[in-house]
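Chemist: Dropping a structure here in structure tokens format, bear with me for questions.
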Amino acid sequence: MTMSKPIWQPVIPADQIPMNIYRAHINQKYHQNLTSSHALHQWSVTHPQDFWLDLHQYTGIVPPLPPTVTRAYDAHLPIDQIPKFFDGAVVNYAENVFHDKVLSRTALVGIRENQSLAGEVWTWARLREVVRQLRSAMLRSGVCPGDRVGAIISTSVWSVALFLAAASIGAIWTSIAPDIGVEGCVSRLDQVHPRILFADSASTFKGKSHSNIAKVQRIASRLTSSPEVFLIPMGENSTTTTTTTTTNTTVSESAFPSLETFLSRSLPSDALHFARLPYSHPLYILYTSGTTGPPKCLVHSHSVILQHKKVSQLHNSLSAEDIVFQYSSTSWVLWNIMVGHLAVGAQLVLYDGSPLWPSPTAMLKILAYHRVTYWGVSPRYLQQLEMAIASGGGPQKVELLEGVDLSALKMVQTGGAHLAADQYRWFYRVFPSRVHLTSVTGGTDLVTSWVGTDPAGPLYPGEIQLPMLGQDVDVAHPVTGESVRESGQQGEFVCRAPFPSMPVFFWGDTRDMVKYKEAYFGMFPGCWAQRDWASYNPVTRGWVIHGRSDGVLNPQGIRFGSSDIYSIVEAHPFNEVISTTVCVGRRIGSDETVFLFVVMQKPHQLTDGLVQRLKATIKEGLSSRHVPQYIVEVPEVPMTVNGKKIETLVKQIVSTGKVPETVSNTVENPGCLSYFQQFYSMERSSRL
């Protein structure tokens, strides 16, 4: 492998970068001579007990560990035994969020589509008082530690407050975005039996508002736990019966009682108290996508606070001076990670609406208005932004767009999909060169990142910079499980040592955790593998996630990930006419044929000439064996409500000729699936 040129380098003095300050702390305390973030990471995984114990103290987790806790976890237990962290100590996630905050400063700004950019502003004092009231009302409603508190709720100030109130008690939070359908909500909530369910009374998306009340009624009628349901009033479609003081809108008491009714149960005498609990006590339940079966219910514990403070403080360099705008729904793990940034005092800008309405450039106005320093988006959004600027024939510098001032912006972080090398190059043609563009990979399984940001090191196009401190990640041979990382070969992405944010269990699993162990440890004993296909560049020390290993393409004996194809066909110049693509293999017996399905931008069409240019560019950039046998135009490809392509469904359909009998409600456009059945019988054609 050859050394490419960094596309970004740190612009602030090295001794002011929090990662470097922490490295200097480790060097002094443990008599080390670590000279880079990579060396610091290597020390953290070879000295895990020292690292996790020190990180706990360094990040200021409260309360401090008692003298009796002298190890982070039992090192004699392998990772597949799910060892407990800080056994014998206590913590509360919400207490650490509120600890040592300046009450007069802004904590949250809630913005809704079609409303003022100024939004609804909550100071830390306001947030603390609302959480106190919610906690009191929950207690007066009989909520106890371990009870589930559910919400069908948008990304809003109330979503954060309700979560923190539940966490303060030791209740278990679980949230679902309002755009998930009835079946999707029931299939999740009916597994975990919430005691109380909160729901937005209405939703707005892409300029259209609609009532959620009838939908909530259908959901509530099917839940076996028969939870109390309270409506959070919003939108113009709510029936006017009782005016609330929580917003400027009204809600129908005839359907369900309102949030104001719930808050009336609180008592002024109930102080905001935080139940200090074992680190393994459940905090929230997250769900897998359910695109290939019933969603799994992943239970995460209060110990994730240490991971979130580590990421915020060291990897993202966040502090009380920062303003964070992370676009996410409450069904996506990025919402949970975003809330964690509050623990270092950062202000959150919460947006409820479409990131693409009325155009992708609309979100830039939020950045400018609130002087956002950290912006979290998806690679798909950046692709749409690139297309919008190109199609508009407008200025190639975002700073020149009318009313946009990005002078406060320091970091743009992407997640949820591979960020192609060409997207890095486009970004720095458009955004200020000082801004740190970074990509991360992680997910619902660990409520943080595996590999992510190094604020102190160089950035190379198409690569993720640094494994997160303490995460002992590797690239394993798909058969033997042995490390192939330093060879640069592609292989299974694995983690070889325990970490604090492992799920404590799957809700509804057997006592011996069969489903849990099959999900993560079924491939290699004593090694976590969640079927991602990855590689490591030993020259730049960067990482690439090529796609799902169960979706790895294998024509003519060469294995590669779909992201290798996307990095070419969704890059310049093809992204001027192509909207999106999905690349899958049709496997029948031992034979695999690769399909590239293409969605064109209107009014363009997929011509024979464009097909040949795509094939030639793939051949030149990768090899002739990477060239898909079929490149076919389709009206659309299946996407999740979070904007992710669903390769597994397309692969299943073209390989069997059948659409699954049950399709998850997380699929945004299930109607397109039947279109792919025709490709099951498509005959072979010659390759280039």
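All of the numbers you see were taken from the coordinates with simple rules; none came from a lab. Since the model is a prediction, treat every value here as computed from it, not as a measurement. Reconstructed Cβ throughout: ideal geometry from the backbone, glycine too, with neighbour counts over all protein chains shown.
Chemist: Using the Karplus curve 6.51 cos²θ - 1.76 cosθ + 1.60 with θ = phi - 60°, what ³J(HN,Hα) values do you get for each residue of the stretch 473-482, in whole Hz, with x for Gly and Pro?
Modeler: Each residue's phi maps through the Karplus curve to give 8, 7, 10, 10, 4, x, 9, 8, x, 6 Hz.
Chemist: Still on this structure, I have one more. Return the percentage of antiparallel bridges among DSSP beta bridges fully within the stretch 553-680, rounded to the nearest 5 %. Before the final figure, lay out each step's value.
Modeler: Working: 13 of 17 bridges.
Looking only at bridges with both residues in the stretch 553-680, the antiparallel portion is about 75 percent.
Chemist: List the residues whose amide H sits under 5 Å from the amide H of residue 413, counting only those 5 or more places along or on another chain, with H placed 1.01 Å from N in the peptide plane.
Modeler: 375, 376, 377, 438
Chemist: Rg over Rh of the chain, using C-alpha atoms and the Kirkwood radius, what does it come to? Numbers along the way, then the final one.
Modeler: On the way: Rg = 24.7 Å, Rh = 26.1 Å.
Here Rg/Rh amounts to 0.95.
Chemist: Right, something else. Taking Rh as the Kirkwood radius computed over C-alpha pairs, what is the Stokes-Einstein D of the stretch 169-217 at 25 °C in a medium of viscosity 0.890 mPa s, expressed in µm² per second?
Modeler: Working: Rh = 12.1 Å.
In µm²/s, the coefficient is 202.
Chemist: Additional query: How large is ³J(HN,Hα), in whole Hz, for each residue of the stretch 49-63 in order, when computed from phi with the Karplus curve 6.51 cos²θ - 1.76 cosθ + 1.60 and θ = phi - 60°, using x for Gly and Pro?
Modeler: These are the phi-based 3J(HN,Hα) values: 5, 4, 5, 5, 5, 5, 4, 4, 6, 5, 7, x, 4, 10, x Hz.
Chemist: Dipole magnitude of the chain about its Cα centre, charges +1 at Lys/Arg Cβ and -1 at Asp/Glu Cβ only, in debye to the nearest 20?
Modeler: On the way: 56 positive and 55 negative charges, 14 e Å.
Charge dipole, the chain, about its Cα centre: 60 debye, nearest 20.
Chemist: Which of 288, 453 comes first, and how do the rest follow, when ranked by fewest Cβ neighbours within 10 Å?
Modeler: On the way: 288 20, 453 26.
Fewest to most other Cβ atoms nearby, the residues stand as 288, 453.
Chemist: Set the bar at 28 Å for Cα to Cα. Now go through 619/644; 296/644; 84/651 and name every pair that lies beyond it.
Modeler: On the way: 619/644 26 Å; 296/644 18 Å; 84/651 38 Å.
Over 28 Å apart, Cα to Cα: 84/651.
Chemist: Still on this structure: Arrange the following residues from fewest to most other Cβ atoms within 10 Å of their Cβ: 363, 682. Each step should come with its number before you reach the end.
Modeler: Values: 363 21, 682 14.
Exposure proxy ranking, most exposed first: 682, 363.
Chemist: If you take all C-alpha pairs in the stretch 553-680, what percent of them are over 17 Å apart? Numbers along the way, then the final one.
Modeler: Details: 4578 of 8128 pairs.
More than 17 Å apart: 56 percent of the Cα pairs in the stretch 553-680.
Chemist: Contact order normalised by length for the stretch 553-680, with contacts defined as Cα pairs under 8 Å and 6 or more residues apart; what percent is it? Don't skip to the end; give the middle numbers.
Modeler: Values: 199 pairs, mean separation 27.8, N = 128.
Result for the stretch 553-680 is 22 percent.
Chemist: Of the DSSP beta bridges with both residues in the chain, give the percent that are antiparallel, rounding to the nearest 5. Don't skip to the answer; put the middle values down first.
Modeler: Working: 54 of 93 bridges.
So the antiparallel bridges in the chain amount to around 60 percent.
Chemist: So if each residue of separation counts as 0.36 nm, and I subtract the Cα-Cα distance between residue 616 and residue 434, what length gain in nm does that give? Numbers along the way, then the final one.
Modeler: Working: separation 182, 0.36 × 182 = 65.52 nm, distance 3.53 nm.
Value of the extension gain: 62.0 nm.
Chemist: So, by mean Cβ neighbours within 10 angstrom, what's the order for 138-150, 259-271 with the highest one leading?
Modeler: Working: 138-150: 18.4, 259-271: 14.8.
Answer by packing, highest mean first, reads 138-150, 259-271.
Chemist: Work out how much length residue 222 to residue 104 would gain on full extension: take 0.36 nm times their residue separation and subtract the Cα-Cα distance, in nm to one decimal. Working shown, then result.
Modeler: Working: separation 118, 0.36 × 118 = 42.48 nm, distance 4.38 nm.
Gain in length upon complete extension: 38.1 nm.
Chemist: Suppose the chain between residue 477 and residue 648 were pulled fully straight at 0.36 nm per residue; how much longer would it get relative to their current alpha carbon spacing?
Modeler: 59.3 nm
Chemist: Mind listing the phi-derived Karplus ³J(HN,Hα) values for the stretch 211-216, rounded to whole Hz, using 6.51, -1.76 and 1.60 with θ = phi - 60°, and x for any glycine or proline?
Modeler: 6, 9, 5, 4, 5, 4
Chemist: Which order, highest average first, do 130-136, 29-35 follow once you tally other Cβ atoms within 10 Å for each residue and take the mean per peptide? Before the final figure, lay out the partial values.
Modeler: Details: 130-136: 23.0, 29-35: 11.3.
Order by mean packing, descending: 130-136, 29-35.
Chemist: When all alpha-carbon pairs of the stretch 51-119 are counted, what percent fall beyond 17 Å?
Modeler: 61 percent
Chemist: Taking the highest mean first, how do the peptides 43-55, 456-468 order by number of other beta carbon atoms within 10 angstrom per residue? List each step's numbers first, then the result.
Modeler: Details: 43-55: 18.2, 456-468: 23.2.
Going by the mean number of other Cβ atoms within 10 Å, highest first, we get 456-468, 43-55.
Chemist: With charges set only on the Cβ (+1 for Lys and Arg, -1 for Asp and Glu), what does the dipole of the stretch 537-688 come to about its Cα centre, in debye to the nearest 20? Could you put the intermediate results ahead of the total?
Modeler: Values: 16 positive and 14 negative charges, 74 e Å.
In debye, rounded to 20, the stretch 537-688 gives about 360.
Chemist: So if I place +1 on the C-beta of Lys and Arg and -1 on the C-beta of Asp and Glu, and nothing else carries charge, what would the dipole magnitude of the stretch 589-666 be about its Cα centre? I want it in debye, nearest 20. Please list the in-between numbers first.
Modeler: Working: 9 positive and 8 negative charges, 39 e Å.
Dipole magnitude for the stretch 589-666 comes out near 180 debye.
Chemist: What FRET efficiency do you get for residue 270 and residue 193 if R0 is 25 Å and r is their Cβ-Cβ distance, rounded to the nearest 0.05? Please list the in-between numbers first.
Modeler: On the way: r = 26 Å, r/R0 = 1.02.
Result of the calculation: an efficiency of 0.45.
Chemist: Now, a different point. Set the Förster distance to 35 Å, then compute FRET efficiency between residue 38 and residue 320 from the Cβ-Cβ distance, nearest 0.05.
Modeler: On the way: r = 29 Å, r/R0 = 0.82.
Using R0 = 35 Å, I get an efficiency of 0.75.
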